[in-house]
Amino acid sequence: MKKILMKGNEAIARAAILGGLDAFFGYPITPQNEIPEYLSKHLPKMGKVFVQAESETAAINMVYGAAAAGARTMTTSSSPGIALMQEGISYLCGSELPCVLVNVMRGGPGLGGIQPSQADYYQITRGGGNGDYRVLSFAPENLQETVDLMKEAFDIADFYRNPVMIAVDGLIGQMMETVDLHREKPKRELPDKDWAACGSGKKRLVNSLYLDPAELERHNFRLFEKYRMMEENEQRYELVKMEEAEFAIVAYGTMARIARSALELLEEAGVKTGLIKPISLWPFPKKAFSELPASLKGLLVAELSLGQMLDDVKIANEGRLPIAFFGRTGGMLPEPEEIAEAVLKMKAEASQ
Amino acid sequence: MKTIVYQKSKGLTDAQLSYCPGCTHGIVHKLVSEALVELDVLDKAVGIASVGCSVLSYNFFNCDMVQAAHGRACAVATGIKRARPEAIVFSYQGDGDLASIGIAETIHAANRGENLTVIFINNAIYGMTGGQMAPTTLLGQKTTTSPLGRDSKLHGLPIRIAEIFSEIPRAVFVERVSVHNPRAVRNAKKAILKAFRNQIEARGFSLVEVLSTCPVNWGMTPVEALRWVEQEMMAYYPVKTFRDGDADEKA
Ligand SMILES: Cc1ncc(C[n+]2csc(CCOP(=O)(O)OP(=O)(O)O)c2C)c(N)n1
Ligand code: SF4
C-alpha cells in the first residue's frame, strides 16, 4: 500500500478509526489535542460517537460505560489527565472491560511541562489505581509502529477484556512521518461480548464489587491467571545490532530513536554496541534479557526520566551484568553524543 | 378462581433486599421496577448501581446492570446510552454520590441533554458509610461528622438539587417527590413513569429527586423517620414539579 505523510497525533486518531473505534470520550490537554480534534471531525460523519467530556474523570467513566455496553471505545490524554483517570482504570480492570487508552506523555510532576517525557513509566506499569491489577501497555518508537499498535490494540483489549495503553510522548505526537495505514494486523480469534450490559434482556452484570473476601480473592486469582497469560504471550521487544555487542543500550520510544543514532557514533568509535528496545512496557520484555550474547560487558539504561524502567531492567538482568543509567527529564531531549559518551564512560570504568 | 390483588414486580429479582427496616430505598426500587415493566422496557433497560447503600441494587433490578465508581454514574450512563441509544438507561444515586462527589458529572450530563433517567435518593445523610454529613443534611441535623448539628457558617446550607437542575434548560423534567405515605408514593410513581417515558420518547434528561428515609442513621424509628420527612425535609425541600417540558434550545 501507498505510504502517506501524517502528523503523529492524527495518525493515532486515524489508526484508531481503522482499529474499529465506535466511541471516543476525552478532555483537552496538550500535547495530544490533535487526536480529539481529528476524531470530532470524522467520527460523527461515520455515525460514531464523539463526546468531549467535562473532565478526565468523566471521560474514563464514559469509556467504562461504553465498554460495559460492548462498544470499542477509547480515550486519549497526557500525563496529568491520565493521573486523574487512575480510579477508572482500576474499575475497568476489576470489571474486565476492554478499552484503549493513549498517553501522550509530558514532563511532570504536577503540572510539569508540555515537552516530551517518559516520566510516567511507573504510572503506566505500576498504575495509580487501587488493587491488584495490570494494564497492557505498548510504547512505539515511530509512526508506523504507532499506527500498527493502535490498530491492534482494540483486538488485544477485546481478547483479554482489559484496558490497553499506547504510551508515546509529545515528540511522537507532533512529528511528521510517512506511514502505511493499511498494513495487515495479526489475526486473533475474538470472543463474543456475551457479557455486555447493552439492554440484553438477560440480566447481565458489569461489576467489580465482591463483598465476600473469599469471592474477591477468587476473582483476583482469576485476573492473575489472565495477567500471567499476558506475560507469557504479549512481551514485545526489538534487539538491534546485538551480535557480538560489547555493550547494549536499553531504551524505548523516543529515547530508542535517539539511541539508534548513538549506535552509529559508537560504531565509528569502534565500540560494538547494541540496542534492547522494549515495545511492551507491561508485560516488561524479560525474555529479551535471557537471549543476550555472551560478549556483553554492560547495559546502559537510557530514559527520559530519572530512572524508572531501570527497576525493571535490574529485575530482568538478575544481577548478571553491570548496569549504568543515563536520563534527561523535564522535557529535555539528549543529543546522541551524550548517550554515546555514557557508553564510553561505562567501557572506561569496565576496563579499570 | 384466585384473583391476584398484588404481586412483586417482574422488574425485581427474588434476591432479598439488603436495606434496613423502615428504609424507603425499597419503595423506590419497587416504583422504578414497576415503571420499567409497565412501559415494557425491562428487557432494554440498563441500570447504573452507584456507590452507597443502593450499590447492591444490581442484584435487585431484574435487568442489565453496571456498577459505577462513586459519583460517576451519569458519566457511565452517558457512555452506555451514546454507545447503545436503543437501551433505556437509568442511574440510581444517593445524595453523597450525586450531590457531592458526582455533581459535576450529573450537571454536565443534564446540560448536554443526555437522554437518561436519573433517580436521585435524598436521605440527608451518607447511609452506607455510617451516617456522616451529606450536602443535603438539614441545618441543625446531627450526624457523625457534624456532632453539634449542621451549622451554615461551617458547612453551608443544604443543597437543593432539583432547584439547581431546574435552571438547566436541557434537563427536560425535574421533579421532587416523597414516599412518606401512600399518596406520596402514588405521585412518586407518576413522576418516575414520566421520567422513563421521556427517555423512550427521546426528550432528554429527566431527574426525579426522592425524599427518602434513613431511620438507622437518623436515630429514629421507621415511623418517626417518615414523620421527619414530612415535617422537616419537606419544609426545606418542597415536593413539586420544577420543570416539565421540551428542552429550551434557545441560547
Ligand atoms: C472514591 C470513594 N470515596 C468514598 C467512598 C466511600 N463511600 C461509600 S458510600 C459513600 C456515601 C454514600 O452516601 P449516599 O450517596 O448518600 O448514599 P446512601 O448510602 O445514603 O444511600 C461513601 C462516601 C467510596 N466508595 N469511593
Ligand atoms: S443505612 Fe440508611 S439508607 Fe442505608 S439501608 Fe439503612 S436505612 Fe437505608
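The values are calculated or read from the model by the stated rules, or taken from the named source; none is laboratory data. Since the model is a prediction, treat every value here as computed from it, not as a measurement. Virtual Cβ from ideal backbone geometry, glycine too; neighbours counted across all protein chains shown. We work out accessible area using only protein heavy atoms, side chains counted, and drop any ligands, DNA or RNA first. Shrake-Rupley method; radii C 1.70, N 1.55, O 1.52, S 1.80 Å.
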Practice task
Give the ranking of B:E163, A:E10 by solvent-accessible surface, highest area first, calculated with a 1.4 Å probe.
Solution key: A:E10, B:E163
Practice task
Find the centroid of the Cα atoms in the stretch A:141-176 and in the stretch A:290-352, then give the distance between the two in whole Å.
Solution key: 26 Å
Completion exercise
Relative contact order in percent for the stretch B:45-97 (Cα pairs under 8 Å, 6+ apart) equals 49 percent
Handout entry: Debye log10 I(q)/I(0) for the stretch A:237-350, one point scatterer per Cα, at q = 0.20 Å⁻¹
Key = -1.04
Exercise for the section: Work out, step by step, the length gained on full extension between A:S261 and A:L111: first 0.36 nm times the residue separation, then minus their alpha carbon distance; give nm to one decimal. Expected result: 50.9 nm
Fill in the blank from the handout: Each label sits 7 Å from Cα toward the beta-carbon; between A:T329 and A:E225 the label points are separated, in nm, by 4.1 nm
Exercise for the section: Could you calculate, for chain A, the ratio of the Cα radius of gyration to the Kirkwood radius, expressed as Rg to Rh? Expected result: 0.99
Handout entry: Tail weight of P(r) past 20 Å, computed on alpha-carbon pairs of the stretch B:25-244, percent
Key = 54 percent
Practice task
Report, in debye and to the nearest 20, how large the dipole of the protein assembly as shown comes out about its Cα centre when Lys and Arg carry +1 and Asp and Glu carry -1 on their Cβ.
Solution key: 1840 debye
Practice task
Run the quick spin-label model on A:K297 and B:L17: label points 7 Å from Cα toward the beta carbon, then report their separation in nm to one decimal.
Solution key: 7.8 nm
Exercise for the section: Express the relative contact order of the stretch B:25-244 as a whole percentage, based on alpha carbon pairs under 8 Å and six or more residues apart in sequence. Expected result: 19 percent
Handout entry: the protein assembly as shown - mean residue ellipticity at 222 nm from DSSP helices (-39,500 (n - 2.57) per run, n ≥ 4, rounded to 500)
Key = -10500 deg cm²/dmol
Fill in the blank from the handout: The Rg/Rh figure for the stretch B:65-154, Cα atoms and Kirkwood Rh, to two decimals is 1.07
Fill in the blank from the handout: When chain B is treated as a Gaussian network with springs between alpha carbons less than 10 Å apart, the largest mean-square fluctuation among B:V51, B:V223, B:V185 is found at B:V223
Practice task
Provide the convex hull volume over Cα atoms per residue for the protein assembly as shown, in Å³.
Solution key: 186 Å³
Problem - Exceeding the 24 Å Cα-Cα cut-off - candidates A:K41/B:K81; A:K7/A:K41; A:K45/A:K151; A:K48/B:K44 - result: none
Exercise for the section: Find the centroid of the Cα atoms in the stretch B:79-130 and in the stretch A:9-65, then give the distance between the two in whole Å. Expected result: 23 Å
Problem - Where GluC sites (Glu not before Pro) fall in DSSP loop in the stretch A:296-352, at most 13 other Cβ within 10 Å - result: A:E318
Handout entry: For A:L190, solvent-accessible area (1.4 Å; no DNA, RNA or ligand), Å²
Key = 60 Å²
Completion exercise
D (µm²/s, integer) via Stokes-Einstein for the stretch B:126-251, Kirkwood Rh across alpha-carbon pairs, 4 °C, 1.567 mPa s: value 82 µm²/s
Completion exercise
Computed D for the stretch B:1-143, Stokes-Einstein, Kirkwood radius over alpha-carbon pairs, 25 °C, 0.890 mPa s, to the nearest µm² per second, is 156 µm²/s
Exercise for the section: Heads up, I need the accessible area for B:H155: 1.4 angstrom probe, whole protein in place, Å², nearest 10. Expected result: 60 Å²
Practice task
May I ask you to list the lysines whose Cα is less than 24 Å away from that of A:K345, ignoring any residue fewer than eight positions away on the same chain?
Solution key: A:K241, A:K272, A:K277, A:K297, A:K314
Practice task
Pull out the extension gain between A:K187 and A:I315, defined as 0.36 nm times the separation in residues minus the alpha carbon to alpha carbon distance; nm, one decimal.
Solution key: 42.9 nm
Handout entry: Gain in span if fully extended, A:A214 to A:I4, counting 0.36 nm per residue against the direct Cα distance
Key = 70.2 nm
Fill in the blank from the handout: Computed on Cα atoms, Rg of the stretch B:176-220 relative to 2.2 N^0.38 Å comes out at 1.41
Exercise for the section: Express in whole angstrom the spacing between the alpha-carbon centres of the stretch B:32-63 and the stretch B:178-251. Expected result: 17 Å
Problem - Solvent-accessible surface (1.4 angstrom probe) belonging to B:K240, in square angstrom, nearest 10 - result: 100 Å²
Exercise for the section: Compute the FRET efficiency between B:A235 and A:L306 as 1/(1 + (r/R0)^6), taking r as their Cβ-Cβ distance and R0 = 41 Å, and round to the nearest 0.05. Expected result: 0.10
Practice task
Once you have a ≥ b ≥ c as the square roots of the Cα gyration tensor eigenvalues for the stretch A:62-159, tell me rounded if a/c is under 1.5, and otherwise prolate or oblate according to whether a/b is larger than b/c.
Solution key: oblate
Practice task
For A:V250, list long-range residues whose amide hydrogen, built 1.01 Å from N in the peptide plane, is under 5 Å from its own amide hydrogen.
Solution key: A:I276, A:L300, A:V301, A:A302
Exercise for the section: First select every other residue whose beta carbon is under 10 angstrom from the beta carbon of B:L98; then total the charges, Lys and Arg +1, Asp and Glu -1. Expected result: -4
Fill in the blank from the handout: Relative contact order of chain A (C-alpha contacts under 8 Å, at least 6 apart) in percent is 17 percent
Exercise for the section: Assign one of three labels to the stretch A:117-240, namely rounded, prolate or oblate, based on the Cα gyration tensor with a ≥ b ≥ c the square roots of its eigenvalues; rounded applies when a/c is under 1.5, prolate when it is not and a/b is larger than b/c, and oblate otherwise. Expected result: prolate
Exercise for the section: Among A:K187, A:K277, A:K287, determine the one that fluctuates most according to a GNM of chain A built with springs between C-alpha atoms less than 10 Å apart. Expected result: A:K187
Completion exercise
For the protein assembly as shown, the percent of accessible surface on carbon and sulfur atoms (probe 1.4 angstrom, ligands and nucleic acids excluded) is 53 percent
Practice task
Please say if the stretch A:296-345 is rounded, prolate or oblate, where rounded means a/c under 1.5 for a ≥ b ≥ c the square roots of the C-alpha gyration tensor eigenvalues, and otherwise the choice is prolate for a/b larger than b/c and oblate otherwise?
Solution key: oblate
